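Below is one structure, written out as structure tokens, with a few remarks after it.
The values are calculated or read from the model by the stated rules, or taken from the named source; none is laboratory data. Note that this is a predicted model, so its numbers are computed, not measured. Cβ coordinates were reconstructed from backbone atoms using ideal geometry, including for glycine residues, and neighbour counts include every protein chain displayed. These accessible areas exclude ligands, DNA and RNA; they are computed on the full protein's heavy atoms, side chains included. Shrake-Rupley method; radii C 1.70, N 1.55, O 1.52, S 1.80 Å.
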Amino acid sequence: MIKTKRPANARVGPARFGLAVLCLLALALGMAGLPARAQSPVPPAGGGGSLQVLHWWTSASERQAINVVVNQLAKQDIQWRDVAIPGGAGMGAAKVLKSMVLANRAPEVTQLNGVVFGEWADLGLLLELDNVAVQGNWEKQMFPTVWSLLNNHGHVVAAPLGIHRINSLFYNTAIFKRYNLTPPKTWDDFDQIVKKLQGTGIVPLAQSAEAWQLATLFENLALAESGPAYYRRLFVEMSPAAFLDARMLHILKRLRSLAAAMPQPVRERPWTEVARSMVSGEAAMLIMGDWAKGELNAWGMEVDQQFGCAPAPGTGDFHLYSTDTLAMFAGNYAHQPMQETLARLTMSPAVQSEYNRIKGSIPVLRAADPHMDRCARDSWRAFSKGPAWQAPSLVHRMATDDTTKDAIVAEVQRFFLDRNLSEEQTQKRLAAIARTLARNRND
Ligand code: BGC
């Protein structure tokens, strides 16, 4: 017999730093392990009601992609009520979600990526989707990495939409043709392109100073430096020694030196604007998760026509991944039938194929989707090689908890913007974050 509801004595998992605060507040509000107050009005079982969904899919392609799900849901007579919080990588959405939960106004559904939904599940707040997963044979159908991500103490606590590749490089094909350039396989190749573009007025690398976008570059450099094993020691194991390693010094030096290839000054701009500066010809290249491809498609541009794609330098064999998932707040279980319908829908092969084609990502299904374009096929091949070739994105919450992630991301931005901070100082500060937060996690 599969349990869908969490037992009242559900164990509250290992307290993680930051989450501990949330736990205390949740306990104070009488929420942990107890069903949240009924959401009103209580809809009838099955269709005929609505689900409030919190997410950060606000760009043209993100909206189009999510409309695939919204329309399928409507066919089941379930209305999707939007709580869309703009802000790339969900930096704003994560804060709004915490406030809503603490105010006992949790949405019925939320975009919740990565290890962080284990934290919410440990508080007993998430609906377990075990029945849907068993009926849909999810374990067999999806990539093992995604399957284990969705599982929390043996229960499925989220429904997956797709897998993004964060180590993606996009380039302006007209510029590459004009200057006879080929996609850089290594960072040395990249330096050669920067040299060739000198004096042309073209910015080699489109970039924003937003913390998460700088950290995107940082995690790409970390993966290129020494592969997934070292990457995991840094961002999953949070090994202080790994941060003090000479390789980290090299990564930070490279990050700083890349400033010369960026627009001056490097301003805080949304990722959509940065992507636009690449296709408009102001910049030649962009390193960004492959939702950028989805966005360029939505603007009428096609792969290998107006723009090309390749793995980020030095990471061709690897897959720096982030998965998009929807978690459901249990509340008083009044919405369970509709929430389960939504979960079931996300895994339908037709939805997986259409949603991911528009979004720029790849389906979570092991079977290759014949409709994938060249970039998606490349992403699928790299991901299919298995965990030894995969690296969980720090920025997109795949590697560690939010508190640790936020601390590292902020430190990287500080280092990039403040020339007075040396690489060695930053290394020490990162190692200190790893030491303090890892200790808190294990307490
Ligand atoms: C999400 C993507 C989204 C991107 C830009 C990522 O964290 O996984 O679905 O398109 O942020 O906001």
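Taking all protein chains as shown and a probe of 1.4 angstrom, residue 344 keeps an accessible surface of around 110 Å². Accessible surface for residue 237 stands near 110 Å², nearest 10, in the context of the full protein assembly shown (1.4 Å probe).
Of the heavy-atom accessible surface of the chain (probe 1.4 angstrom), what whole percent is carbon and sulfur? Please list the in-between numbers first.
On the way: 9240 of 17240 Å².
In the chain, the share of accessible area belonging to carbon and sulfur is 54 percent.
Largest first, the residues 250, 55, 371 sort by 1.4 Å accessible area into 371, 250, 55.
Using a Gaussian network model of the chain in which every pair of alpha carbons under 10 angstrom is joined by a spring, one finds that among 111, 213, 413 the greatest mean-square fluctuation is at 413.
Give me the dipole magnitude in Debye, nearest 20, for the chain about the Cα centre, with unit charges on the beta carbon: positive for Lys and Arg, negative for Asp and Glu.
Numbers: 46 positive and 39 negative charges, 69 e Å.
Its charge dipole is roughly 340 debye.
Ordering 171, 355 by accessible surface, largest first, gives 171, 355; the 1.4 Å probe counts only protein heavy atoms, with every chain in place.
Dipole orientation for the chain: of the candidates 307, 157, 400, 400 has the Cα lying most toward the positive pole (charges on Cβ; Lys, Arg +1; Asp, Glu -1). Within the same chain, lysines fewer than 8 places from residue 98 are excluded, and of the rest, those with a Cα less than 28 Å from its Cα are 3, 5, 359, 405. Per the Debye formula on identical point scatterers at the alpha carbon atoms of the chain, with no solvent, log10 I(q)/I(0) at q = 0.07, 0.10 Å⁻¹ is -0.34, -0.70.
Solvent-accessible area per residue for the range 129-277 at a 1.4 Å probe radius, Å²?
Values: 5810 Å² over 149 residues.
Here the residues of the range 129-277 average 39 Å² of exposed surface.
Here the translational diffusion coefficient of the range 177-319 follows from Stokes-Einstein with Rh set to the Kirkwood radius across Cα pairs; for 20 °C and 1.002 mPa s it amounts to 134 µm²/s. For the set 373, 402, solvent exposure ranked by accessible area (probe 1.4 Å, protein chains only) runs largest to smallest as 373, 402. Along the positive direction of the dipole of the chain (beta-carbon charges: Lys, Arg +1; Asp, Glu -1; about the Cα centre), which of 71, 251, 291 reaches farthest? About the Cα centre, the residue reaching furthest to the positive side is 251.
Taking all protein chains together and rolling a 1.4 Å probe, residue 179 ends up with roughly 70 Å² accessible.
Packing around the peptides 186-199, 79-92, taken as the average count of other Cβ atoms within 10 Å per residue, puts them in this order, highest first: 79-92, 186-199. Taking all protein chains into account, the per residue accessible area for the range 314-443 stands at 37 Å² (1.4 Å probe). Once the chain from residue 102 to residue 81 is taken as fully extended at 0.36 nm per residue, the excess over their C-alpha distance is 5.5 nm.
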